[in-house]
Structures are given as C-alpha cells and as structure tokens.
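The values are calculated or read from the model by the stated rules, or taken from the named source; none is laboratory data. Note that this is a predicted model, so its numbers are computed, not measured. Heads up, the Cβs are rebuilt from the backbone with ideal geometry, glycines too, and the neighbour counts pull from every protein chain shown.
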Amino acid sequence: MSQGVYPVPNHWAKEALVDAAQYREMYERSIADPERFWADQAQRLDWMWPFSQVKATSFSAEDFGISWFADGTLNLSANCLDRHLAERGDAIAILWEPDDPSEPERRISYRELHEAVCRFANLLKARGVKRGDRVTLYLPMVPEAAVAMLACARIGAIHSIVFAGFSPEALAGRIEDCASRIVVTADEGLRGGKKVPLKANVDAALAHCPDVDTVIVLRRTGAAVPMVEGRDIDWAMATEAQPADCAPEEMGAEDPLFILYTSGSTGKPKGVLHTTGGYSLWAAMTHEYVFDYRPGQIYWCAADIGWVTGHSYVVYGPLMNGATTVMFEGVPNFPDASRFWQVVDKFGVEIFYGAPTALRALMREGDEWVRKTSRKSLRLLGSVGEPINPEAWEWYHHVVGEGRCPIVDTWWQTETGGAMISPLPGATALKPGSATLPMFGVKPELVDGEGRLIEGPGEGCLVLADSWPGQMRSVWGDHDRFFQTYFTTFAGRYFTGDGCRRDEDGYYWITGRIDDVINVSGHRMGTAEIEGALVAHPQVAEAAVVGMPHEVKGQGIYAYVTTNADVEPDDALRAELIRWVRNEIGPIASPDVVQFAPGLPKTRSGKIMRRILRKIAENDISNLGDTSTLADPSVVDNLLANRPWLE
Ligand code: WT7
C-alpha cells in the first residue's frame with residue numbers, strides 16, 4: 001500500500017456497537033439469510049401492522065420488481081417523533097444555528113417538534129392535501145423545513161424538495177413533473193450573508209404552473225413579499241389556528257414517501273422515488289451503525305435538505321434514532337473560515353459529517369482557522385458526496401480531528417437512500433481515500449466493459465448484485481426509465497454509474513462517475529442538462545459539456561460551444577452564457593470554462609466524441625487516442641489551439 005492504514009483505535013473497538021468480528025459475522029448473515037437478517041433489523045422501527053413478508057425482489061427483465069415488508073404498515077413521522085415523547089420528549093431534537101452568528105440559535109425539543117409537525121400537517125389537510133398528493137418544498141435550512149417534511153410523512157403526502165439554490169425554471173420543471181399543487185417556501189433565504197429571493201423565485205416559477213393553488217410562505221427575513229390573494233398563505237398565522245394534534249396515517253411499507261430529483265446522464269432530471277418502510281429502515285440503521293450513534297450525542301451533518309444527504313442524515317435517520325441533530329443555515333466560510341469549528345465548539349458536537357469540497361476549500365485557508373478552535377468534543381468525522389483525495393483526508397484527520405477521530409467515508413447515491421460502502425468506526429481499519437467495505441446486505445461487484453465479472457483485486461464498473469431495503473423504487477411517472485437506466489447496462493444487476501477499484505484487502509476505492517454525470521462540489525449535474533440550457537440561448541448552435549479537474553470543487557464544468565454562423569463569439573458572449581446557465585438551472589451549474597469551437601469532434605455518424613473533449617478539458621492531450629474515425633480530424637487541432645485558459 002502506498003498510503004498508510006489507520007487501525008481501529010482500541011477504545012473504539014471495545015466500546016462501539018459493532019467491532020470487526022461482529023461486522024464480519026453480521027455481514028455474512030445478511031448475505032446468507034437476508035430474510036432473517038432484515039426481519040430482525042426491521043424491529044428497530046415501530047410498525048402499526050407487522051409485516052409477514054420481507055424481501056420480494058428481482059432485477060431481471062422477466063419478473064422485475066422490488067418490494068420489502070410489503071404487507072406491513074407504519075408511519076415515518078411517528079417513528080421520528082411520537083415514539084420518543086414518553087422517554088425523551090424534552091430532549092433537543094433540532095439544534096439550529098443561523099447563518100449570522102449574532103442571531104440566536106434555536107433549540108427544539110421532540111415535544112415541540114411533534115406539535116409543530118401536527119399543526120402543519122393539519123394545515124396541509126385543510127388545504128386539501130391527501131395521501132399520495134405531492135407537496136413541493138423550496139425552503140432554506142431552517143427547522144420548519146424538517147417540520148414540513150415530517151408533516152408530509154405524517155399525512156402520507158409525498159414531498160419533493162427542490163434545493164433552494166435552483167432557479168425558477170428548474171423549480172417549475174420539478175413542480176410540473178410531479179404535478180404538485182402546493183408549494184412551501186419562505187420570503188427569503190440567508191446564506192453567507194446574502195439573501196436568496198425564494199418567494200420571488202416561486203412566483204416566477206408559478207407563471208409556468210397554473211395548477212398550483214396554494215403557496216405557504218414562512219417568514220424568515222421578514223422582507224415584504226407580494227402575497228397572491230387566495231393562493232398565498234402565511235405559515236405562522238395559518239398554523240396557529242390549527243389543532244396541535246394530528247394522528248399519523250397508517251402507510252403501507254411500499255407507499256411512496258418522497259421524490260427527489262437528481263441528474264442523470266440523459267434527459268431532464270429524474271424524480272427518484274423512495275418508499276416508506278425500506279427507506280426508513282435503511283436511514284435509521286445506517287445512521288446508527290456508521291456513526292455509532294447513541295441517544296444524547298450531539299450530531300451534525302452539514303448537508304442541505306435539498307440533497308438526499310439532508311433527507312437521510314440531517315432529518316430522518318437521526319430523528320428515528322432520537323438524536324440531537326444540528327441544522328446549519330450558513331456556509332463554511334462565513335463570516336470566516338472558522339465557522340464550522342466554532343459551531344462544533346458552541347454545541348459540543350461529537351460527530352461531524354461533511355463534504356470533501358468544503359474541506360478542500362477550508363484547507364486552502366490555512367490551519368490557523370481550525371487551530372484557534374477547541375474541537376475537543378469531536379469523536380468521529382464523516383465524508384460524503386464525492387471521492388475524498390488522500391491529502392484532504394489526512395488534513396481532516398490530523399488537523400480537524402487531531403488524529404483522534406476515525407473518518408467514515410460513506411459512498412452512496414440519491415438512489416440508494418443511505419450509506420452503502422462505508423467503514424464502521426469500531427470495526428474497519430481505514431485507508432485514506434477508500435470507502436472501504438460494504439454495509440450489511442450490500443453486494444458490490446466489479447464488471448468490465450463487456451459485462452464480465454472481475455474477481456479479486458481489479459478495476460471496473462461498480463454494480464450491485466442484489467436489492468437492499470433503502471433502494472429507490474421507481475422514477476416518478478416513468479417506471480420504464482427506472483428499469484432502463486439502472487438494470488439494462490449489466491442485465492440483472494443495479495448499475496451505479498461509478499468506476500471503482502478493489503484492492504488486495506477487498507477494500508473499495510470509488511474512482512468517479514463513468515457516465516455523463518459530473519460531480520461538482522458533491523452535487524450531481526447531468527452534462528445533457530447544461531447542454532440543453534446552452535443550446536436554448538438564441539446565439540448558440542451546439543454545445544458539449546464535460547467535467548474537468550478542479551482543486552476545490554472536485555470537478556468543474558467545461559463547456560464547448562458552437563455559435564450560430566452569423567455570431568462573432570467574444571468575452572461578452574462568454575460571460576453572458578455563464579449568466580444564462582445560472583438563470584436556467586442555478587449557480588451550481590455555472591460553467592467554469594466556456595470554449596468557443598467552430599466545430600465539435602464527431603464521428604461520421606454524427607456522434608460527439610466526448611472522450612476527446614474530456615482529454616482536452618483535463619489537459620491530457622499527449623494521448624487523445626484514435627482520431628481517425630472523426631468526420632473532420634482538423635476540428636481537434638482547432639480545439640487544442642483555442643483553449644481559452646491558454647490565453
Ligand atoms: C454520486 C452520487 C451520497 C449522497 C450525496 C451524493 C459520488 C458519493 C461518495 C464517496 C466517492 C462518492 C458517486 C455517486 N459519491 N459519495 N464517499 N466517495 N464518490 O448523492 O448526488 O446522488 O451523487 O456521488 O459518484 O454515484 P448523489
């Protein structure tokens with residue numbers, strides 16, 4: 001091994017819920033007898049009606065289907081709230097830290113959260129929301145976001161959270177796709193001292209969504225926002241009038257729980273659908289084992305609820321486990337680069353879970369910002385969203401964690417519901433940059449381009465051989481797309497879209513996406529989506545987008561643009577196109593590089609050869625591969641000569 005191995009510290013091995021021997025024993029049992037294993041694990045949830053069936057799953061075309069605990073019933077909001085009231089009703093459920101450190105924090109007990117959820121659930125019902133209806137949430141990182149999620153779960157409505165950084169156009173597309181008639185938002189959001197005009201964005205989006213009849217508006221900043229009579233209602237005023245109790249709906253385990261849109265390699269974002277029983281079990285179980293979570297510990301996942309990490313590890317997983325979950329409205333570098341670690345000290349955070357992109361950004365600011373804080377409460381650190389480079393891993397371990405805290409590098413996806421390949425802190429020796437070993441019930445396999453299984457050490461495409469309870473169940477409104485996207489590339493297996501290496505110890509090293517998805521700051525962007533936004537510009541004839549290495553973001557966005565013949569491309573147009581994409585999708589989709597290209601490298605059949613575009617964007621031009629199949633090989637010389645960052 002070129003990198004070091006960090007063994008499990010002794011006290012972790014002794015005190016953790018799962019040690020190395022237990023991990024092996026449980027893992028083997030989960031694979032040998034999944035029915036028994038998952039029937040036992042599912043006892044961690046409160047069921048309203050016990051299930052008699054456990055696993056009914058097939059990834060094959062003939063009898064494709066995924067169902068877990070099908071005849072059991074439960075309610076996720078009851079599992080997050082009601083079950084804790086007797087024993088820890090006064091314990092803090094949510095510890096909220098505002099964007100501006102001079103504003104007071106909020107501490108919300110399980111009892112208070114329960115009441116707020118019931119009132120909001122009753123408000124939704126009063127506005128006609130029923131089981132199975134879709135509710136779009138476009139909210140900042142405030143406790144009311146969790147209230148709205150839990151209220152939907154309580155009445156069996158399906159929430160669809162749209163990240164508050166997305167544009168009105170992106171929001172409208174998601175509202176329309178799932179035909180949601182109600183949107184929950186705030187007057188404005190606050191991030192890094194800047195205001196985000198959420199209500200104005202909703203108003204702009206709704207110009208395209210005539211079927212929305214209700215907008216519930218939370219007052220966050222108190223800004224004066226226009227309210228549409230009959231459609232827009234004030235959160236505080238409307239919930240005050242509602243009763244403080246609302247019985248949880250009895251939901252089937254396979255009833256839809258939420259939709260979360262994510263980018264794929266083709267077409268518009270797809271609505272990943274998760275269902276009630278399996279998702280809840282996966283979020284609760286992985287949160288407990290991966291973070292070795294015990295009730296009473298202060299836990300902080302620094303993700304936004306607009307992403308799946310926020311769903312599973314800010315709200316649902318922790319609350320099912322009776323945690324005190326920190327919710328942070330701000331950003332890592334505001335007011336300064338100590339912010340994360342000041343919040344750790346302020347609340348005595350024991351477990352911190354964040355993204356490599358934030359760590360790399362903070363690492364660049366220098367160690368003093370970290371060192372001037374105490375961080376003595378920290379016991380465990382986590383990483384998620386993208387591969388963590390060994391340099392950032394070591395910095396996280398030695399500087400942030402002072403060599404004391406294991407790091408759990410969790411590989412998973414929106415589609416998987418929760419962590420799939422991850423160390424357990426009391427069980428797994430760590431290798432910087434490796435997500436290590438599979439979670440219970442997860443069967444990772446590597447296949448080569450021809451679909452042949454790779455045994456032992458090697459590198460290939462990561463697939464999963466069998467179902468797990470937290471697996472997505474469908475693409476909203478397009479079940480065939482679900483099957484086509486995930487189960488046809490390698491028949492009978494779930495296709496992750498990630499490349500991966502397995503070493504001689506059986507450890508997994510995710511190498512990144514191998515499809516046309518790029519991972520920008522841990523956020524997934526489809527290249528096709530950005531291309532779609534670019535070609536919608538009146539002066540653009542054609543566009544091709546690829547990823548490029550980026551020191552902080554992991555991957556940046558490199559766009560090749562062919563303008564219409566009568567357009568003379570210049571820097572003004574370049575700036576204009578970047579602004580255009582921000583408006584069409586959101587700031588996270590802004591291209592880092594726009595290269596004007598009179599032609600794109602295409603095969604004779606007209607297919608763009610992205611391999612060449614990727615190599616140029618990566619500045620790996622010594623080996624462009626075979627260009628002889630191009631319709632016009634001179635296109636490549638032009639691209640090489642006109643790289644804008646060479647200017
Ligand atoms: C893609 C999924 C995991 C929830 C947040 C992102 C990449 C995620 C890791 C990791 C290497 C990772 C993969 C994956 N990814 N975690 N620990 N190591 N890569 O969810 O937006 O659905 O993105 O993120 O490429 O496929 P997502």
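Which count do you get for residues in the range 243-275 that are hydrophobic (A, V, I, L, M, F, W, C) and surrounded by fewer than 22 Cβ atoms within 10 Å (Cβ to Cβ)?
Result for the range 243-275: 2.
Which of the residues spanning the range 66-111 are crowded, with 18+ Cβ neighbours inside 10 Å and part of a helix (DSSP H, G or I)?
Leu76, Ser77, Ala78, Asn79, Cys80, Leu81, Asp82, His84, Tyr110
Return the total of residues in the range 305-330 being within 16 Å of the ligand (Cβ to nearest atom) and in a loop (DSSP other than H, G, I, E, B).
Within the range 305-330, the subset within 16 Å of the ligand (Cβ to nearest atom) is 305-318.
If we keep only those that are in a loop (DSSP other than H, G, I, E, B) as well, we get 305-307.
Count: 3.
Can you tell me which residue within the range 491-519, out of those that are crowded, with 19+ Cβ neighbours inside 10 Å and in a loop (DSSP other than H, G, I, E, B), is farthest from the ligand (Cβ to nearest atom)?
Arg493
Given the residues Gly348, Gly354, which is the only one that is within 16 Å of the ligand (Cβ to nearest atom), more than 21 Å from Asn79 (Cβ to Cβ) and either surrounded by fewer than 22 Cβ atoms within 10 Å (Cβ to Cβ) or not hydrophobic (A, V, I, L, M, F, W, C) (or both)?
Details: Gly348 fails: within 16 Å of the ligand (Cβ to nearest atom).
Going through Gly348, Gly354 in turn, just one is within 16 Å of the ligand (Cβ to nearest atom), more than 21 Å from Asn79 (Cβ to Cβ) and either surrounded by fewer than 22 Cβ atoms within 10 Å (Cβ to Cβ) or not hydrophobic (A, V, I, L, M, F, W, C) (or both): Gly354.
Would you say Ala200 is small (Gly, Ala, Ser) and either surrounded by 19 or more Cβ atoms within 10 Å (Cβ to Cβ) or farther than 30 Å from Asp336 by Cα (or both)?
So Ala200 does not fit the description; no.
Does the range 293-304 contain any residue that is in contact (Cβ under 8 Å) with a residue 12 or more places away in the chain, closer than 19 Å to His159 by Cα and within 12 Å of the ligand (Cβ to nearest atom)?
The answer is yes; a qualifying residue exists.
To keep it simple, each residue is scored yes or no on (1) within 19 Å of the chain's Cα centre (by Cα); (2) touching a residue at least 24 places away in the same chain (Cβ under 8 Å); (3) under 21 Å from Pro644 (Cβ atoms).
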{"residue": "Gly522", "(1), (2), (3)": "yes, yes, no"}
{"residue": "Ala528", "(1), (2), (3)": "no, yes, no"}
{"residue": "Ala536", "(1), (2), (3)": "no, yes, no"}
{"residue": "Lys553", "(1), (2), (3)": "yes, yes, yes"}
{"residue": "Val561", "(1), (2), (3)": "no, yes, yes"}
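Does at least one position in the range 431-439 carry a residue that is more than 30 Å from Ala16 (Cβ to Cβ), more than 11 Å from the ligand (Cβ to nearest atom) and touching a strand residue (DSSP E or B) at 6+ places or on another chain (Cβ under 9 Å)?
no
Here is a list: Glu112, Glu62. Which entry is of a type outside the set (Gly, Ala, Ser), modelled with pLDDT of 95 or more and within 30 Å of Phe340 (Cβ to Cβ)?
Numbers: Glu62 fails: within 30 Å of Phe340 (Cβ to Cβ).
Going through Glu112, Glu62 in turn, just one is of a type outside the set (Gly, Ala, Ser), modelled with pLDDT of 95 or more and within 30 Å of Phe340 (Cβ to Cβ): Glu112.
Scan the range 241-257 for residues that are touching a Phe, Trp or Tyr at 6+ places or on another chain (Cβ under 8 Å) and either outside any loop (DSSP other than H, G, I, E, B) or without any contact (Cβ under 8 Å) to a residue 40 or more places away in the chain (or both) and report the count.
Residues in the range 241-257 being touching a Phe, Trp or Tyr at 6+ places or on another chain (Cβ under 8 Å) and either outside any loop (DSSP other than H, G, I, E, B) or without any contact (Cβ under 8 Å) to a residue 40 or more places away in the chain (or both): 1 in total.
Given the residues Pro387, Pro469, which is the only one that is in the same structural domain as Ser67 (by the TED database), within 13 Å of the ligand (Cβ to nearest atom) and of a type outside the set (Gly, Ala, Ser)? So that I can check it myself, show each step before the final result.
Working: Pro469 fails: within 13 Å of the ligand (Cβ to nearest atom).
Being in the same structural domain as Ser67 (by the TED database), within 13 Å of the ligand (Cβ to nearest atom) and of a type outside the set (Gly, Ala, Ser) holds for just one of Pro387, Pro469, which is Pro387.
Any idea which of Asp100, Asp187 is within 27 Å of Arg339 (Cβ to Cβ) and in contact with a helix residue (DSSP H, G or I) (Cβ under 7 Å, 6 or more places away or on another chain)?
On the way: Asp100 fails: in contact with a helix residue (DSSP H, G or I) (Cβ under 7 Å, 6 or more places away or on another chain).
Being within 27 Å of Arg339 (Cβ to Cβ) and in contact with a helix residue (DSSP H, G or I) (Cβ under 7 Å, 6 or more places away or on another chain) holds for just one of Asp100, Asp187, which is Asp187.
Taking the condition of being in contact (Cβ under 8 Å) with a residue 24 or more places away in the chain, part of a helix (DSSP H, G or I) and either surrounded by fewer than 14 Cβ atoms within 10 Å (Cβ to Cβ) or not aromatic (Phe, Trp, Tyr) (or both), how many residues in the range 30-55 meet it?
Residues that pass the stated criteria total 6.
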